[in-house]
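The values are calculated or read from the model by the stated rules, or taken from the named source; none is laboratory data. Predicted, not measured: the structure shown is a model, and the values here were computed from it. Using ideal geometry, Cβ is built from the backbone for each residue, glycine included, and neighbour counts are taken over all protein chains shown.
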Amino acid sequence: MEHYGFKILVVYITSVFFIASSAFAANIYKYKDSAGNWVYSDKPPITDVKVETTQYADTVKKRSPIKTQVLYEQEVYKFIVENTFYAPVEIELTFLHNQEKSRYVILAKSKRVIYSNVEPMPKSSYRWIIGDPSKTPDNFSYKLPFSSGLPKKVTQSFNGRFSHNKSPNNFAVDIAMPVGTYITAARDGTVIEAKDDYHMGGKTAYFLDKANKVTVLHEDGTYALYAHILLGTAQVKLGDKVKVGDIIARSGSSGYSTGPHLHFIIYRNAGFNTVSIPFVFQSGGRSVTPKRGMMLQYSE
């Protein structure tokens, strides 16, 4: 199952938390095939063509975007959570001795004291999820996430049998498009994730977490994911403000993918649970619910 949204992570306060990934390095070969299309591969071409070579390397360790601090000031114990995201997060704090739970929203790029008491803080754990659950989706009609004038086919839509049949991905849409097609913002927002460092794709479990992607937070608390983008083509970075129609990347087939396409989905935090929501596109001058086999027509 594809799951490109942000995961709920559990952390014990007495430990230091890291998101770890295995180290990897490889040569990437870029060349044009006989039809003039760009090819990115970890294997050199078998024909005599001009080749550009670069090296890809995974990051060994990535720190959590959530930082915590325990202070003792003026005879008061404080537990402070810092959110380094460009999006709000919800924190659930659990006291382990009685399983009492409390939830708090930490605004983007901010800190908040979530425990303050003259008594030391009991042994606890916390977990976090992206998004503010108090926000309500506003039924926005999304611009098509590409700028090409040629129609694009929906190959899988809501509750699709291949990989859109389980939460939180049941309201995703796959749009077939040639490698290198410009991907554009379907709505104004803030870039909260941008990854374009992976070169391959496939349909085995190995590729489930490998997709290149851009994620954009909207003013109603929802956030759009644009997945399977081409290696090295992200035109945006964390914190960038984008307007509808702005180019954010080029299409590809990175990660869990059977061929070049864009995976587009709208997520929200619904009571400490990441869910996708149905939406409509503006296609051919009208609002349409995307369906498998439908041709989507870009219009100014």
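Summary of values
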item: Pair list, Cβ under 6 Å, 6 or more apart: the stretch 285-299 residue charged (D, E, K, R), other residue assigned to a loop (DSSP other than H, G, I, E, B); result: LYS291/SER157; ARG292/SER157
item: Matching residues in the stretch 285-300 - criterion: being surrounded by fewer than 14 Cβ atoms within 10 Å (Cβ to Cβ) and not charged (D, E, K, R); result: GLY285, SER287, THR289, GLY293, MET295, SER299
item: Boolean, HIS218 is in contact (Cβ under 8 Å) with a residue 60 or more places away in the chain and buried (at least 19 other Cβ atoms within 10 Å of the Cβ); result: yes
item: Only listed residue being touching a strand residue (DSSP E or B) at 6+ places or on another chain (Cβ under 9 Å), surrounded by 16 or more Cβ atoms within 10 Å (Cβ to Cβ), in a strand (DSSP E or B) and outside the structural domain of LEU238 (by TED's automatic domain parsing), chosen from TYR104, TYR86; result: TYR104
item: Complete set of residues in the stretch 94-124 that are polar (S, T, N, Q) and on the phi < 0 side of the Ramachandran plot; result: THR94, ASN98, SER102, SER110, SER116, ASN117, SER124
item: Top-ranked residue in the stretch 244-284 [being of a type in the set (Val, Ile, Thr) and surrounded by fewer than 22 Cβ atoms within 10 Å (Cβ to Cβ); ranked as nearest to ARG127 (Cα to Cα)]; result: THR274
item: Hits in the stretch 90-101 - residues which are part of a strand (DSSP E or B) and either touching a Leu at 6+ places or on another chain (Cβ under 9 Å) or within 13 Å of SER125 (Cβ to Cβ) (or both); result: ILE91, GLU92, LEU93, THR94, PHE95, GLU100, LYS101
